[in-house]
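Here the structure comes first, spelled out in structure tokens, and everything after it is commentary.
The values are calculated or read from the model by the stated rules, or taken from the named source; none is laboratory data. Please read these numbers as outputs of a predicted model, since none were measured by experiment. Because the Cβ atoms are built from the backbone with ideal geometry, glycine has one as well, and the counts that use them run over all protein chains shown. For the accessible areas, the whole protein counts, side chains as well, though only heavy atoms, and no ligand, DNA or RNA atoms are used. Shrake-Rupley method; radii C 1.70, N 1.55, O 1.52, S 1.80 Å.
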Amino acid sequence: LNGDTFTINYSTLATQFSPVGQYTINATVSGQTNYSNITVNPGTLTITPSTLPLIVSVNSVSRPYGQPNPNFTSSVSGAFNGDTFTINYFTSANQFTPVGAYAINATVSGAATANYSNIIVVPGTLYITQSTTPVVITVNSATRPYGTPNPAFTSSVSGALNGDTFTIVYSTPATQFSPVGQYAINASVSGAAIANYTSVQVVSGTL
């Protein structure tokens, strides 16, 4: 009454670091002795999710063909108050995947995600590079009598990964009519798996 004024001090348990939720706003009233019954009706402070984007950028990485995937990592921007998150990475590539580029995606979880309304994941790229271990095709030597057809030639393969197979075509200058002597057995190698290696070498055999 009568234009009386009061000193009102407000308080709440919420701080800048409090997560999303509702928090009571209380008050204490002082500065007047003219009233026997002063009632405070608390208010509510509602902390809403941040509308600024939380961006999880997955880091790109490379590894050689035939090796396990490395541990993936990421950088986070837009997080407040030291918030941390559980980030799980996934990719379609595995140890047996051929040379190429493959997306690395991520899922973001944890209690702190409730504080953000816009979580964006920027995928990274897994680059699978060629194996630097040489594939060596060693043509097996063979013997046959003069005047007979050449036998079926064979070879052994070393350095191949993941059960990779190749198409190997053999050649030699010797024919059924060639005289007694020694002749090189060469080979040409083809097939999609060659792209997984920086070096495919052929060691000739002898007929």
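Starting from the exponent 0.38 and prefactor 2.2 Å, build the expected Rg for segment 1-119 from its residue count and divide its actual Cα Rg by it.
Details: Rg = 25.9 Å, N = 119, 2.2 N^0.38 = 13.5 Å.
Ratio of Rg to 2.2 N^0.38 Å for segment 1-119: 1.91.
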Fill in the blank from the handout: With a 1.4 angstrom probe the carbon and sulfur portion of accessible area for segment 111-186, in percent, totals 57
Handout entry: Solvent-accessible heavy-atom area per residue, rounded to whole Å², over the chain at 1.4 Å
Key = 61
Practice task
Apply 1/(1 + (r/R0)^6) to the Cβ-Cβ distance of Ser18 and Ser62, taking R0 = 45 Å, and write down the FRET efficiency to the nearest 0.05.
Solution key: 0.60
Problem - Coordinate range along principal axes, alpha carbons of the chain, Å, largest first - result: 132, 17, 17
Fill in the blank from the handout: Its Cα gyration tensor gives segment 148-204 an equivalent ellipsoid whose semi-axes in whole Å, largest first, are 28, 10, 9
Practice task
Identify which of Ala112, Ala195, Ala184 has the largest mean-square fluctuation in a Gaussian network model of the chain, with springs joining Cα atoms closer than 10 Å.
Solution key: Ala184
Exercise for the section: Set the Förster radius R0 to 45 Å, insert the Cβ-Cβ distance between Ala152 and Ala101 as r into 1/(1 + (r/R0)^6), and round the FRET efficiency to 0.05. Expected result: 0.65
Practice task
Take Leu1, project a point 7 Å from its Cα along the Cβ direction, then tell me which residues of segment 12-38 have their backbone nitrogen under 17 Å from it.
Solution key: 32-38
